[in-house]
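The structure under discussion appears below in the form of structure tokens.
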Amino acid sequence: MREQLEKIKASAVAEIASANQLKDIEEIRVKYLGKKGELTAILKQMGSLSAEERPQMGQLVNSVKSELDCEIARCAERLKESAMQAKLLEETLDITMPAKKRTVGGLHPINVVTNDLIDIFQSMGFDVVDGPEVETDYYNFEALNVPADHPARDMQDTFFLNPNLLLRSQTSATQIRTMENRKPPIKIVCPGRVFRADEVDATHSPVFHQMEGLVVDKGITLCDLKGVLEQFAREIYGEDTKVKFRPSFFPFTEPSVEVDVSCSECGGKGCRVCKGSGWIEILGAGLVHPNVLRGCGIDPEEYSGFAFGIGIDRLAITRYKISDIRLLFENDLRFLEQF
Ligand code: PHE
């Protein structure tokens, strides 16, 4: 039995030494140490031994077994290591190869200005609301106190898709949608694209951008409107900016005002940018007309509000001294790359 054991050990060691794949090693393990393995078979013969021989043989079998275990583990380790080395050699990474160039895009000036406006109004507690660009006549005009034959429709030359659907001519439509869906207090701005059938020239485009603001709560007055707009003008044009309110007319606000800021280019002395007047017109605003509130189910006896509409394109043009509004829409990279 002792000889048999020596033979098994010798042949197992030889096989382990010549194994060159992990699966060979596993086969060897099963062949010798598995349930039906050769060493296991020897253990089963132990019963036939005398009581003195048995412990000696037991010890011997166990020591062969643990030796083989050890050899197998060492060999498996070695094979894993060399498989890894082979893989590393095969998959060399050439770190001297030039990287792919990544071109970095930038924001369109309209988006830069829009984001700045959003930051300013968000810091004053306004939510940002989005609305559809294709609107119904009701949301764009009717609910804003401009019924079908109202002469105020002439102020906005509109693209009609059919008698009831149109491309919104003002973001004010989003006011109505918001007042229908939320209860006061309401404090929102809605930036977006608007459309009017204007002839294209250096200062007019049939597509442009507005940001409407709306506040509805108990006890809102013209003072609140002034405070918010003065704060906004200072943040956009600088601390020393003066703000002027002129009476105006919009069907959906009463009273209505037009707001001018002192020209940031000349400080109010008069220059080319402000066409000599010292002032630049930046927005229209007013207190929300009671008819508009009532139409949205808000009681004008209990609540009041103000609204304003900022022309984003005009802001971008004055900020970046852009000479022609068309440049904003042509998407010529030579122009856009300057921002
Ligand atoms: N929607 C108006 C316009 O486009 C601007 C405005 C908005 C005026 C809100 C007053 C209040 O001309």
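This table checks each residue for (1) outside the structural domain of S169 (by TED's automatic domain parsing); (2) surrounded by fewer than 16 Cβ atoms within 10 Å (Cβ to Cβ); (3) not charged (D, E, K, R).
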residue: Q59; (1), (2), (3): yes, yes, yes
residue: L68; (1), (2), (3): yes, no, yes
residue: A76; (1), (2), (3): yes, no, yes
residue: A86; (1), (2), (3): yes, yes, yes
residue: A99; (1), (2), (3): yes, yes, yes
residue: S123; (1), (2), (3): no, yes, yes
residue: E135; (1), (2), (3): no, no, no
residue: E142; (1), (2), (3): no, yes, no
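Being under 27 Å from Y303 (Cα atoms) and without any contact (Cβ under 8 Å) to a residue 24 or more places away in the chain is the filter here; which residues of the range 154-185 pass it?
Across the range 154-185, the qualifying residues are N181, R182, K183.
Being assigned by TED's automatic domain parsing to the domain that holds F208, at pLDDT 90 or above, farther than 30 Å from P184 by Cα and surrounded by fewer than 21 Cβ atoms within 10 Å (Cβ to Cβ) narrows it down to one residue among E254, E330; which is it?
Exactly one of E254, E330 is assigned by TED's automatic domain parsing to the domain that holds F208, at pLDDT 90 or above, farther than 30 Å from P184 by Cα and surrounded by fewer than 21 Cβ atoms within 10 Å (Cβ to Cβ), namely E330.
Restricting attention to the range 268-301, which residues are touching a Gly at 6+ places or on another chain (Cβ under 8 Å), among the small types (G, A, S) and assigned to a loop (DSSP other than H, G, I, E, B)?
G268, G270, G276, S277, G278
Quick check, is K187 farther than 16 Å from F250 by Cα, among the basic types (K, R) and touching a strand residue (DSSP E or B) at 6+ places or on another chain (Cβ under 6 Å)?
yes
Do we have any residue at all in the range 229-249 that's under 25 Å from S169 (Cα atoms), modelled with pLDDT of 95 or more and in contact with a Pro (Cβ under 8 Å, 6 or more places away or on another chain)?
Yes, because at least one residue in the range 229-249 is under 25 Å from S169 (Cα atoms), modelled with pLDDT of 95 or more and in contact with a Pro (Cβ under 8 Å, 6 or more places away or on another chain).
Quick check on the range 159-177: of everything there that is surrounded by fewer than 19 Cβ atoms within 10 Å (Cβ to Cβ) and polar (S, T, N, Q), which residue is farthest from P206 (Cα to Cα)?
For the range 159-177, the residue satisfying everything is N164.
Here are some conditions: (1) touching a Ser or Thr at 6+ places or on another chain (Cβ under 7 Å); (2) at pLDDT 95 or above. V128 meets all but one. Which one does it not meet?
The failed condition is (1).
The values are calculated or read from the model by the stated rules, or taken from the named source; none is laboratory data. Treat the numbers as computed from the prediction; the structure is a model and nothing was measured. When we count neighbours, we look across all protein chains shown, and the Cβ atoms used for this are built from the backbone with ideal geometry, even at glycine.
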